[in-house]
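The values are calculated or read from the model by the stated rules, or taken from the named source; none is laboratory data. Bear in mind that the values here come from a model prediction, so they are computed numbers and not experimental data. Glycine gets a Cβ as well: all are built from the backbone with ideal geometry, and neighbour counts include every protein chain shown. When the accessible area is computed, the model is the full protein with side chains, heavy atoms only, and any ligands, DNA or RNA have been set aside. Shrake-Rupley method; radii C 1.70, N 1.55, O 1.52, S 1.80 Å.
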Amino acid sequence: MAYPAQLGLQDAASPIMEELAYFHDHTLMIVFLISSMVLYMISLMLTTELTHTSTMDAQEVETVWTILPAVILIFIALPSLRILYMMDEITTPSLTLKTMGHQWYWSYEYTDYESLCFDSYMTPPLELDPGELRLLEVDNRVVLPTEMSIRMLVSSEDVLHSWTVPALGVKTDAIPGRLNQATLMTSRPGIYYGQCSEICGANHSFMPIVLELVPLKHFEEWLLSML
């Protein structure tokens, strides 16, 4: 999860988030090079008194500064479209988890198992145990297996919500009357936190999401204890 004064992205816990982090660095480097070049040109204009009349009205210069931005946009657009299609790719899921947004808590249902559903509320600050995170802990965590394709079905029963876990690169809107789908595949176990990222009302900031990702063996043991 994020830590105080963090400037970068959270450590990636899924292949999609790794690709998003690489694309972020790729785009940031392009922006850095453009900004450096523009700053260099501005500094030259402010520090020299010479005027090159041959470059003030040159067809070649106009051609270059028209084509070069288009080439740069292509270098940004191609990897962006690639990741966009990867995020929307639908694979055969090993597990399906249905998520419903409410004012202001989440409901989860493991559709592959009968009667396995529960609500997840934020833990009140006065009930937190030592080491737990304020405004991020919940009374019922979502337990999922690692290294398996998981289908998330996201919807809402009242207003707009958004089911978001930054470390997994997942952000899916929960819309009343509409069923959105997202695919999860995590690369390592751990506990990952998220929050509703849609302004959904007075308690919008009190809808945390906690995923506990464990190996398949431990997930099966958790299932037996819940069923």
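If the chain linking residue 223 and residue 114 were pulled fully straight, counting 0.36 nm for each residue of separation and taking away their Cα-Cα distance, it would gain 38.1 nm.
Would you work out which of 42, 211, 95 lies farthest towards the positive end of the dipole of the chain? Charges go on Cβ: Lys and Arg +1, Asp and Glu -1. Working it through, the farthest residue towards the positive pole turns out to be 42. Of all DSSP beta bridges confined to region 95-226, the antiparallel ones make up roughly 70%. In the chain, the portion of solvent-accessible area held by carbon and sulfur atoms comes to 62 percent [1.4 Å probe, whole percent, DNA, RNA and ligands not counted]. Just add up the charged neighbours of residue 24: K/R +1, D/E -1, any other residue whose Cβ is under 15 Å from the Cβ of residue 24. Charge balance near residue 24 sits at -2. The distance linking region 126-181 with region 60-81 is 39 Å (Cα centroid to Cα centroid, whole angstrom). Near residue 148, the amide H atoms lying under 5 Å from its own belong to 186; only residues 5 or more places off or on other chains count, and H is placed 1.01 Å from N. Estimated purely from DSSP H runs of n ≥ 4, each contributing -39500 (n - 2.57), the mean residue ellipticity at 222 nm for the chain is -11500 deg cm²/dmol once divided by its residues. Using the Karplus relation 6.51 cos²θ - 1.76 cosθ + 1.60 with θ = phi - 60°, the per-residue 3J(HN,Hα) values for region 68-83 come to 4, x, 5, 5, 4, 4, 5, 5, 8, 6, 4, x, 5, 5, 4, 5 Hz, with x marking Gly and Pro. Distance between the modelled labels on residue 203 and residue 187, one decimal in nanometres: 3.7 nm (7 Å Cα→Cβ projection).
Summarising the amide proton neighbourhood of residue 170: residues at separation of 5 or more, or on other chains, whose placed amide H is nearer than 5 Å comprise 165. Comparing mean-square fluctuations of 152, 17, 86 from a GNM of the chain with C-alpha springs under 10 Å, the top value falls on 86. In this structure, the amide hydrogen of residue 162, modeled 1.01 Å from its nitrogen in the peptide plane, lies closer than 5 angstrom to those of 174, 197, 198, counting only residues at least 5 positions away or on a different chain. The charge dipole of region 15-88, taken about the Cα centre with unit charges on the Cβ atoms of Lys, Arg (+1) and Asp, Glu (-1), comes to about 60 debye, rounded to the nearest 20. What does the charge count around residue 122 come to, taking other residues whose C-beta lies under 15 Å from its C-beta (Lys +1, Arg +1, Asp -1, Glu -1)? With Lys, Arg at +1 and Asp, Glu at -1, the net is -4. Each residue of the chain gets 181 Å³ once the volume of the Cα convex hull is shared out per residue. The local environment of residue 188, defined by Cβ-Cβ distances under 14 Å, has a net charge of -4 under the rule Lys, Arg +1 and Asp, Glu -1. Name the residue from 179, 200, 72 whose Cα lies farthest towards the positive end of the charge dipole of the chain, charges +1 on Cβ of Lys and Arg and -1 on Cβ of Asp and Glu. Final value for the positive-end residue is 72. Between residue 139 and residue 3, the simple spin-label model (points 7 angstrom out along Cα→Cβ) gives 3.2 nm. Across region 22-32, computed HN-Hα scalar couplings (Karplus, 6.51 cos²θ - 1.76 cosθ + 1.60, θ = phi - 60°) run 5, 5, 4, 5, 4, 5, 5, 5, 4, 4, 5 Hz from first to last residue, x flagging Gly and Pro.
The antiparallel fraction among DSSP beta bridges confined to the chain stands at about 70%. For residue 62 and residue 86, the FRET efficiency from 1/(1 + (r/R0)^6), where r spans their Cβ atoms and R0 equals 41 Å, is about 0.60.
Accessible area per residue was computed with a 1.4 Å probe on protein heavy atoms; residue 3 scores about 140 Å². Relative to the Cα centre, the charge distribution of region 85-227, modelled as +1 at Lys and Arg Cβ and -1 at Asp and Glu Cβ, gives a dipole magnitude of about 320 debye.
Dipole size of region 1-143 about its Cα centre, with +1 on Lys/Arg Cβ and -1 on Asp/Glu Cβ: approximately 260 debye, rounded to the nearest 20.
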